[in-house]
Amino acid sequence: MNYKHILVALELSDDSKVLIEKASALAKTFEAEVSFVHIDGSHGEIYTELVDICTDGQEPPIKRTSVEQLQQLTGNVDFPLKHFLIGTGDLSDKLPNTIAEYGCDLLICGHHHDFWSTIISYSKHLIHNSPIDILVVPLEGQ
């Protein structure tokens, strides 16, 4: 499979660096474009649309401190970033439309190997709703 546009689901933790490294390696291998997506689900769906902080001039729909954390996590990427999508709600609900709109063909997400992730797996919802291939990267428990 030759991927052309990789979408990486980021969270506000250093674990996202592992996902960024995977995306970087795959992007170099396949000469693919890379986009990031972060959905803040802590307040529900405040805004239905995603904001692309690479191209949109509007204020992202999440806290400024969260945007700053994301920029710190992604500040040292060694590849051009096509889109950096930020929104609120549930990523698994937004996936099909986002993937279709931005032409992504691989989703990279993480999965924690801890007690809570055994009971409630967010990755399971992403897998169920994704119309494209998914690379689920194991992450250390917290």
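For the range 83-102, enumerate the residues that are touching a residue at least 24 places away in the same chain (Cβ under 8 Å) and either assigned to a helix (DSSP H, G or I) or touching a Cys at 6+ places or on another chain (Cβ under 7 Å) (or both).
83, 84, 91, 92, 93, 94, 95, 96, 98, 99, 100, 102
Out of everything in the range 116-142 that is hydroxyl-bearing (Ser, Thr, Tyr) and within 18 Å of residue 19 (Cα to Cα), what residue ends up being modelled with the lowest pLDDT?
My answer is 117.
Starting from the range 14-39, keep only residues that are touching a residue at least 24 places away in the same chain (Cβ under 8 Å), then list their pairs with residues that are part of a helix (DSSP H, G or I) and of a type in the set (Gly, Ala, Ser) whose Cβ atoms are within a distance under 6 Å, requiring at least 6 positions of separation or different chains.
Here the result reads 34/23; 34/27, each pair linking the range 14-39 to a residue that is part of a helix (DSSP H, G or I) and of a type in the set (Gly, Ala, Ser).
Are any residues in the range 1-29 assigned to a helix (DSSP H, G or I), of a type in the set (Gly, Ala, Ser) and within 10 Å of the chain's Cα centre (by Cα), and if so, which ones? Spell out the reasoning first.
Keep residues of the range 1-29 that are assigned to a helix (DSSP H, G or I), which gives 15-29.
Going one step further and asking which of them are of a type in the set (Gly, Ala, Ser), we end up with 16, 23-25, 27.
Selection gives 16 alone.
Would you point out the residue of the range 1-18, among those that are at pLDDT below 95, touching a Phe, Trp or Tyr at 6+ places or on another chain (Cβ under 9 Å) and farther than 14 Å from residue 83 by Cα, that is surrounded by the fewest Cβ atoms within 10 Å (Cβ to Cβ)?
The extreme case among them is 1.
Return yes or no: is residue 103 modelled with pLDDT of 85 or more and farther than 20 Å from residue 23 by Cα?
Against the criterion (modelled with pLDDT of 85 or more and farther than 20 Å from residue 23 by Cα), residue 103 does not qualify.
Is at least one residue of the range 52-66 of a type in the set (A, V, I, L, M) and either surrounded by fewer than 17 Cβ atoms within 10 Å (Cβ to Cβ) or not in a loop (DSSP other than H, G, I, E, B) (or both)?
No, the range 52-66 contains no residue that is of a type in the set (A, V, I, L, M) and either surrounded by fewer than 17 Cβ atoms within 10 Å (Cβ to Cβ) or not in a loop (DSSP other than H, G, I, E, B) (or both).
How many residues, within the range 30-48, are modelled with pLDDT under 95 and more than 15 Å from the chain's Cα centre (by Cα)?
Residues meeting the conditions: 7.
The values are calculated or read from the model by the stated rules, or taken from the named source; none is laboratory data. Keep in mind that this is a model prediction, so the values were computed, not measured. Note: ideal-geometry Cβ built from the backbone for every residue, glycine included; neighbour counts use all protein chains shown.
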